[in-house]
Amino acid sequence: MKALERLSQFVGNTFAIWVLIFAVLAFVSPPAFTWIAPHISLLLGIIMFGMGLTLSGNDFKEVFKRPKDVAIGVVGQFLIMPGLAFLLSKGLNLAPEIAVGVILVGCCPGGTASNVMTFLSKGDVALSVTITSVTTILAPLVTPALILLLASEWIPVDPAGLFLSIVKIVLIPIILGVIVKKLFNRQAQASVKVLPLISIIAIVAIVAAVVSANQAAIAKTGILIFAVVVLHNCLGYLIGYLFGKLFKMDLSKKKAVAIEVGMQNSGLGAAIAAAHFSPLAAVPSAIFSVWHNISGPILATIFSRMKNDKNAAGSEGKTLSV
């Protein structure tokens, strides 16, 4: 088990490299990875089950202790990235399938990688974890509604089908994870240390599957999609930070909100696209998975050099123990 823990830590520290390597391999040799495509939803379900194993009542206490801070992060998550996605799609006159793909990733909840980046940023980790948890629980309702509102002018949207898909691949696995943790707490706690390894393998497999299935399309439009994804992600960080500043948050909270807003559960975007739209619509999510695992550590390094307010030092100390 200790060897697995060390391997999990190593792979976690080099996550972006593995995603990039396998994305390139899938582009160069698509047949080696296309067989994974039908299993994208299952892989995401495994990731969400792992998230359920790590959830506790403490992750939601902040909702009641600091409802305003959590509300700012949740509203920012579901307002800024979807809005940016829509504006970029219209402003750059993107092709319908690409536009829908960009909007899909924009409408997804936050990803768990944001919690790690917030920790490395010396930001408010408790707030980050709570925002991720709340947006993920709200996703079955909010994400389909946003996709219907923003993407329906490009392509027909079935909100009921999206709701059921997100419940099956996000909510049910999380609930099962919580139940397993409750019934088998000791075993669940022991497995938590190797969960990053399982999650990373699943995310890498999802990215490789999407890239391999869309190799020809990526060869034609990959640079455009990459540019849009980078712009979307970086503007999300910036506007998320300014959104926190608008509500006079201290620096540690602004860091958390910026990272929560900018980093998406892009695996969910890929799964929704594959199940309800087209393979090409999953490409922005796949590229987002690669890019935000590069931009996140860069931003975390910049943020970590920014000293938090003295009156927030005690809060930060508490959050790091979560």
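The table that follows gives values for the structure above.
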| item | result |
| --- | --- |
| Low-density loop cleavage sites - chymotrypsin sites (Phe, Trp or Tyr not before Pro) in the stretch 122-194, where at most 16 other Cβ are within 10 Å (DSSP) | Phe184 |
| Euclidean distance between Cα centres, the stretch 1-69 to the stretch 134-208, Å | 11 Å |
| Relative contact order %, the stretch 123-232, counting alpha carbon pairs below 8 Å whose residues are six or more apart | 16 percent |
| Distribution of pairwise C-alpha distances over the stretch 165-293, 5 Å bins, in % | 2, 10, 14, 16, 16, 16, 14, 9, 3, 1, 0 |
| Probe 1.4 Å, protein heavy atoms only - accessible area per residue of the stretch 102-165 in square angstrom | 32 Å² |
| Relative contact order, percent, the chain [alpha-carbon distance under 8 Å, six or more residues apart] | 34 percent |
| Solvent-accessible ranking of Met51, Met306, largest area first, probe 1.4 Å | Met306, Met51 |
| Rg(Cα) / (2.2 N^0.38 Å) computed for the stretch 49-164, rounded to two decimals | 1.15 |
| Computed magnitude of the charge dipole of the stretch 122-203 (debye, nearest 20; Cβ of K, R +1, Cβ of D, E -1) | 560 debye |
| Relative contact order of the stretch 49-108, defined on C-alpha pairs under 8 angstrom at six or more residues apart (%) | 31 percent |
| Qualifying lysines (Cα of each under 23 Å from Cα of Lys168; at least 8 residues distant if same chain) | Lys181, Lys182 |
| Within the chain, helix-based [θ] at 222 nm, where runs of 4 or more DSSP H residues each add -39,500 (n - 2.57), nearest 500 | -25500 deg cm²/dmol |
| DSSP-assigned coil residues among trypsin sites (Lys or Arg not before Pro) in the stretch 247-304, each with at most 10 further Cβ atoms within 10 Å | Lys248 |
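The values are calculated or read from the model by the stated rules, or taken from the named source; none is laboratory data. Quick caveat, the model's predicted, so the values are computed rather than measured. Cβ: placed from backbone, ideal geometry, glycine included. Neighbour counts: every protein chain shown. Surface accessibility is based on the protein's heavy atoms, side chains included, excluding ligands, DNA and RNA. Shrake-Rupley method; radii C 1.70, N 1.55, O 1.52, S 1.80 Å.
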